[in-house]
Amino acid sequence: MIRRHIIFYGRVQGVGFRYYSTHKAQELGLTGWVRNLYDGTVEMEVQGRSENIDRLIRYLDGRQWIEIEKMDVRNLPVTEERDFCERW
């Protein structure tokens, strides 16, 4: 089990990124949250098996309107949580 903080750059706002993230993360059994930032990026903290986090990112990058150009990723300590949700 790992936890990652990720900032996504590219065409990631206004394209369903948070919606797709939430539903796919829940399907993969991941926990954490996702939110839009004012500079046009998307911030995510995601926790679970490394393979499932990678699957989530590949899924998002494969959506028709989403274009992930770059990601800043750092590892965080695992925390106690039960769901994946959108934050405002």
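Could the peptides 54-64, 75-85 be put in order, highest first, of the mean number of other beta-carbon atoms found within 10 Å of their residues?
With the highest mean Cβ count within 10 Å placed first, the list reads 54-64, 75-85.
I'd like to check one number: the per residue accessible area of the chain, probe 1.4 Å, reported in Å² as a whole number.
With the other protein chains kept in place, the chain gives 62 Å² per residue.
Determine the dipole magnitude for the chain: charges of +1 sit on the beta-carbon of Lys and Arg, -1 on that of Asp and Glu, nothing else is charged, the reference point is the Cα centre, and the result goes in debye to the nearest 20.
Around 80 debye, computed over the chain.
May I ask you to derive the relative contact order of the chain, considering only C-alpha pairs under 8 Å and at least 6 residues apart, and to give it as an integer percent?
48
Could you check how many percent of all C-alpha pairs in the chain are farther apart than 20 Å? Kindly include the intermediate steps, with their values, before the conclusion.
Details: 883 of 3828 pairs.
Percentage above 20 Å: 23.
What part of the accessible area of the chain, given as a whole %, is carbon or sulfur when the probe is 1.4 angstrom?
45
Looking at Ile57, Pro77, Gln47, which one has the Cα that reaches farthest to the positive end of the dipole of the range 17-85 (charges on Cβ: Lys, Arg +1; Asp, Glu -1)?
Ile57
The values are calculated or read from the model by the stated rules, or taken from the named source; none is laboratory data. This one's a predicted model, so the numbers in the text were calculated from it and none came from an experiment. Neighbour counts are summed over all protein chains in view; Cβ atoms, including those assigned to glycine, are modelled from backbone coordinates with ideal geometry. Remember, those area values only see protein heavy atoms, side chains included, never the ligands or the DNA or RNA. Shrake-Rupley method; radii C 1.70, N 1.55, O 1.52, S 1.80 Å.
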